[in-house]
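Visitor: Please read through the structure below; I'll follow up with questions.
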Amino acid sequence: MFIMYGKLYSACLYGIDGRLIEVEVDLSNGIPHTMIVGLPDSAVREAVERVRAAIKNCGYAFPLQRVTINLAPADLRKEGSAFDLAIALGILSASKQVVLPANERLLMIGELSLDGLLRPVSGVISMVDLAKRQGFDAVLLPWENTEEAMLLDGISIYGLKHLNELSPTENGRSKPHSPSAQTKEGPLVISSFAHLKCSSNETSRPSHTPGLLTEDYSDVLGQLHAKRAMTIAAAGKHNIMLIGPPGTGKTMLIRRLPSILPELSQDEALEVTKIYSSAGKFKGAESTLIRSRPFRSPHHTISAAGLVGGGGIPRAGEVSLAHHGVLFLDELPEFARNALEVLRQPLEERKVTISRSRAAFTFPASFQLAVSLNPCPCGFFGGQPPLPRCTCSPYRVAQYRERISGPLLDRIDMHVEVPLPANWLNDKQPLSSEEMRKAVLNAQELQQQRYKGLEISSNSELSGKLLRKYARLNREAAQLLEATFQSIGLSMRAYDRIIKLSRTIADLEGADCVSAGHVAEAIQYRQLDHRIADANG
């Protein structure tokens, strides 16, 4: 019996991480038929026709035999079109039309067009990172994905525009290949892909920042207390809510938050870049590791799946796209309540798990939540002249605020009122982002030293024993917090969040211990807790 066999390696996305896939090709005598096994989805099953046409249109012969293609491991569902190149070369290798290099362990990624052109795929940086960790020597992929792939050092990248470029070159041009040439001259022997190798120079690449707004806090006149709150929030990565009438600068203040945040570390940059690559939001000329923290501001009509991720093939939602950055929800009560409630888990666990019948996908979601809202539907409840008088009934005000649940409010560290600023025209030297950023960087440097060797990096992540160890209150501070806890009926979660906030305020002052002054300021940033206590008498 005439049997030929070949095995190559490809990869697919599993969440935001790459998974290694063995592409096995078996040719045997029998009625001509091609079958793909190993839990392929429709895009993978359709690869048969794409590969068949590409092979024939590039001058090779598609085997008139029984062709079985296995994608292993067989219990993992295969999705997408990244296997086309490996399947095509597996068939050509098994049918002895092409002899691939034996001295390199290759990972092959790419979608084929009917004429043999290579088309780019999403999630390349995750797959290349996988190849590097698995000990592969090189990755063969579409030319349009090379810039993204070259962001990682320590592995060779071969960029391919067309299947015919596999042929050796003469005087810089590929040799023509045809079925007759293959028949007469034997198989095409590829000793190396060196003629396809790409080189990179990361220092020459421009910076790429998704969703970054470059405005400066000097654009905001007055509002010193709100700027102080934003500095504290940035220093400890605390969630923050700004409450006030329309036109007082709430949106301006939050949109400038990225301007005082530090750049991402190398590990953080790689993780964020993987998320954007897997979501298909990382394209050609923009290819560079994302160094500035993401800023996401979804519209209030977004669904729960849009916020946390989902779909038949799960994709990252806004909470994951804001990983290591800021998620801004403008006019919070306008969002659907069921969409807001799904934020509770990622705010606590800093990750999102999406379960499907065959698998569970986990996406990172360590983000800083920043929200704004008006005090009532018309926006002027509690306002003082010259603001218009509120026209909302108590029932409408209560109904408006009930759109935000107590458990979600409890997870927001800071509730800051932003009234109409007084004498803002006299603010000739407004506080700038550069000044605020210096204070933030100093505080975060203290936190990095304090939590070195631990799994946390900021005060907002403290909990349990670590909170008691690293955020110790002196006697006066503990007594003040205890009295506040009893008087306004704080929850245990709010109690802990005040301690975390106090620790950040102390870090901004360079203090080792948390004092009563730090706790008093932190308590002032729980405005809604005070209002609820007043409403309950």
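Visitor: Charges only on Cβ, +1 for Lys and Arg, -1 for Asp and Glu: so what's the dipole of the range 364-418 about the Cα centre, in debye to the nearest 20?
Guide: 220
Visitor: Taking the simple approach of a point 7 Å from Cα along Cα-to-Cβ for both Lys197 and Arg403, what is their distance in nm?
Guide: Rounded to a tenth, the inter-label distance reads 6.0 nm.
Visitor: At 0.36 nm per residue, and after removing the present C-alpha to C-alpha distance, how many nm does the segment from Lys7 to Lys56 gain when stretched out fully?
Guide: Taking 0.36 nm per residue and subtracting the Cα distance, the gain is 15.5 nm.
Visitor: Once phi is turned into θ = phi - 60°, what whole-Hz ³J(HN,Hα) does the Karplus curve with 6.51, -1.76 and 1.60 give for every residue of the range 241-258, x standing for Gly and Pro?
Guide: For the range 241-258, the Karplus curve yields 10, 10, 10, x, x, x, x, 8, x, 4, 5, 4, 5, 6, 5, 9, 4, x Hz.
Visitor: Is the range 367-468 best put as rounded, prolate or oblate by its Cα gyration tensor, with a ≥ b ≥ c the root eigenvalues, rounded for a/c under 1.5, and otherwise prolate when a/b is larger than b/c, oblate when not?
Guide: oblate
Visitor: Let me ask something else about it. Taking every DSSP beta bridge with both residues inside the chain, roughly what % is antiparallel (nearest 5)?
Guide: Rounded to the nearest five, the antiparallel share is 50 percent.
Visitor: Looking only at trypsin sites (Lys or Arg not before Pro) in DSSP loops with at most 10 other Cβ atoms within 10 Å, what is the longest site-free stretch of the chain?
Guide: Between the exposed loop sites, the longest stretch runs 1-357.
Visitor: Label points 7 Å out from Cα along the Cβ direction at Glu341 and Glu49: separation in nm?
Guide: 4.4
Visitor: Okay, moving on. Using the beta-carbon distance between Leu466 and Arg66 and R0 = 56 Å, what value does 1/(1 + (r/R0)^6) give for FRET efficiency, to the nearest 0.05?
Guide: With a Förster radius of 56 Å, E is 0.35.
Visitor: With a ≥ b ≥ c the root eigenvalues of the C-alpha gyration tensor of the range 417-486, is it rounded (a/c under 1.5), prolate (a/b larger than b/c) or oblate?
Guide: oblate
Visitor: If you don't mind, there's one more thing I want to ask. With charges set only on the Cβ (+1 for Lys and Arg, -1 for Asp and Glu), what does the dipole of the range 3-203 come to about its Cα centre, in debye to the nearest 20?
Guide: Once rounded to the nearest 20, the dipole reads 620 debye.
Visitor: Also, quick follow-up: Express in nm, to one decimal, how much length is gained between Ala511 and Arg19 on full extension, taking 0.36 nm for each residue of separation and deducting their alpha carbon distance.
Guide: Here the segment from Ala511 to Arg19 would lengthen by 172.5 nm.
Visitor: Would you work out which of Ile155, Leu117, Ala74 lies farthest towards the positive end of the dipole of the chain, given +1 charges on the beta-carbon of Lys and Arg and -1 on that of Asp and Glu, about the Cα centre?
Guide: The Cα lying farthest towards the positive end belongs to Ala74.
Visitor: On to the next question. Only Cα pairs under 8 Å and at least 6 apart count here; give the relative contact order of the range 462-537 as a rounded whole percent.
Guide: Worked out over the range 462-537, it gives 39 percent.
Visitor: Moving to a separate point now. How much FRET efficiency would the formula 1/(1 + (r/R0)^6) give for Ser432 and Ser393, where r is the Cβ-Cβ distance and R0 is 45 Å, rounded to 0.05?
Guide: So the FRET efficiency works out to roughly 0.60.
Visitor: Once amide H atoms are placed 1.01 Å from N in the peptide plane, what residues at a sequence separation of 5 or more from Ala365, or on another chain, have their amide H within under 5 Å of its amide H?
Guide: The answer is Lys351, Val352.
Visitor: Given H placed on each backbone N at 1.01 Å, which residues far from His162 in sequence or on other chains put an amide H within less than 5 Å of it?
Guide: The answer is Leu118.
Visitor: Report the GluC sites (Glu not before Pro) located in the range 47-153 that are in a DSSP loop and have at most 10 other Cβ atoms inside 10 Å of their Cβ, or state none.
Guide: Sites meeting the loop and neighbour criteria: none at all.
Visitor: Which net charge results for the neighbourhood of Leu130, defined as the other residues with beta-carbon distances under 9 angstrom from its beta-carbon, given Lys and Arg at +1 and Asp and Glu at -1?
Guide: Taking every other residue near Leu130 into account, the sum is +1.
Visitor: Report the FRET efficiency, 1/(1 + (r/R0)^6), for Ser265 and Thr353, where r is their Cβ-Cβ distance and R0 is 22 Å, rounded to 0.05.
Guide: In this case the efficiency is close to 0.35.
Visitor: Amide H of Gly18 versus every other amide H placed in the peptide plane: which residues, excluding those fewer than 5 positions away on the same chain, fall under 5 Å?
Guide: Leu130
Visitor: If you project the alpha carbons of the range 217-453 onto the principal axes, what extent comes out on each, in Å, largest first?
Guide: 58, 42, 37
Visitor: Mind checking the dipole of the chain: about its Cα centre, +1 per Lys or Arg Cβ, -1 per Asp or Glu Cβ, Debye to the nearest 20?
Guide: Using Cβ point charges on Lys, Arg, Asp and Glu, the chain gives about 580 debye.
Visitor: Show that you can apply the helix-only estimate: for the chain, add -39,500 (n - 2.57) for every DSSP H stretch of four or more residues, divide by all residues, and state [θ] at 222 nm to the nearest 500.
Guide: Helix-only estimate at 222 nm: -9500 deg cm²/dmol.
Taken together, the values in this text are just the output of simple stated rules run on the coordinates, not laboratory data. Bear in mind that the values here come from a model prediction, so they are computed numbers and not experimental data. Methodologically, a virtual Cβ is constructed for each residue, glycine included, from the backbone with ideal geometry; neighbour enumeration extends over all protein chains shown.
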